[in-house]
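FYI, it's all coordinate maths here, none of it is from the lab. Source: prediction; values computed, not measured. Here the Cβ positions follow ideal geometry from the backbone for every residue, glycine too, while neighbour counts run over all protein chains shown.
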Protein chains: 2
Amino acid sequence: MPITSAQKSYLAGFLDGDGSIYVRLKPNKSYQYGFQVSPYVIFFQSSKNRKSFESLCSLLGFGYMRERKDGILEFTVGRKNDIKQFLSMVKPYVILKKKQVDLMEVILKRKEKVNNKNDFVKLINLIDSFRGLNYSKKRIKHTLTP
Amino acid sequence: MPITSAQKSYLAGFLDGDGSIYVRLKPNKSYQYGFQVSPYVIFFQSSKNRKSFESLCSLLGFGYMRERKDGILEFTVGRKNDIKQFLSMVKPYVILKKKQVDLMEVILKRKEKVNNKNDFVKLINLIDSFRGLNYSKKRIKHTLTP
């Protein structure tokens with residue numbers, strides 16, 4: 001069933017309220033520049049609301065649910081094409097996380113076009129600029145392996 | 001400007017993600033049964049997002065904004081008719097907080113019809129059932145003044 005514009009608008013509101021858009025840089029020596037670049041859109045919810053949270057997330061038709069040890073449900077969209085599709089759905093309606101949506105779109109495009117270390121450094125700088133937009137208290141300085 | 005159905009749907013999503021629906025019972029001897037009954041719909045946001053949060057909240061045309069000492073913005077809808085109007089807007093779209101919306105509507109109706117102590121006890125029991133729906137860690141047993 002195709003998702004309606006009211007549902008897209010709802011998801012935009014839910015993203016603005018509860019969602020998180022970010023990119024993790026995981027140190028990993030098997031990658032060319034020493035980091036794996038992992039983009040995410042994540043929603044959180046108490047497992048109390050499991051049924052309705054599952055029905056909400058199933059609107060999307062992608063992503064996966066897991067329950068953390070503390071009882072919080074985490075719904076993750078992690079595949080590049082799913083994230084792109086999700087962002088294009090909610091983009092017309094998002095208010096609070098407009099900048100994060102735009103930044104993620106730029107990062108996903110740039111990621112495909114990394115040809116050398118200089119490109120990768122620029123990508124990392126873009127990713128680091130998420131920290132200014134999100135509420136993260138951690139500020140990590142990313143340094144490339146030589 | 002009248003609010004569109006896409007905006008109502010967005011607000012439903014935002015309520016499900018970030019919002020809070022509850023009733024405070026404030027001990028107050030000047031009230032007939034010893035408590036003031038104060039219903040609320042509240043949204044929270046980092047003051048980082050002040051501008052876009054204000055533009056979001058201004059969709060409603062009611063409610064008021066305040067900044068807490070910890071820098072969190074709190075947007076409160078506290079007047080009975082404003083709450084009723086807000087709930088009727090989002091009701092068709094709400095997924096996760098459906099029970100809270102229904103319960104608040106019942107409480108607002110009952111509150112108008114309290115004629116005796118027995119009615120008030122029933123009202124308080126309804127209000128206490130919010131605790132089962134929301135994430136509150138506090139469990140207060142409300143006892144009426146004799």
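Entry note, chain B: relative contact order of 25 percent, from Cα contacts under 8 Å with a spacing of 6+ residues.
Largest GNM mean-square fluctuation across A:Gln32, A:Gln45, A:Gln85, computed for chain A with C-alpha springs under 10 Å, falls on A:Gln32. In straight-distance terms, cross-link reach from A:Lys8 covers every one of the lysines whose alpha-carbon lies under 16 Å from its own, apart from those fewer than eight places away in the same chain; here that gives A:Lys84, A:Lys91, A:Lys97, A:Lys98, B:Lys8. Region B:76-90 and region A:37-87 have Cα centres separated by 30 Å. This ranking places A:Tyr64, B:Tyr33 by how few other beta-carbon atoms lie within 10 Å of each, fewest first, which gives A:Tyr64, B:Tyr33. Ellipsoid fit via the Cα gyration tensor, chain A: semi-axes of 28, 17, 14 Å, each the root of five times an eigenvalue, largest first. Ranking of A:Glu54, A:Glu112 by neighbouring Cβ atoms within 10 Å, starting from the fewest: A:Glu112, A:Glu54. Counting Cβ atoms of other protein chains within 10 Å of each residue's Cβ and taking the mean over peptide B:44-52 gives 3. Estimated from helical segments only, the mean residue ellipticity of chain B at 222 nm is -13000 deg cm²/dmol, where each DSSP H run of four or more residues counts as -39500 (n - 2.57).
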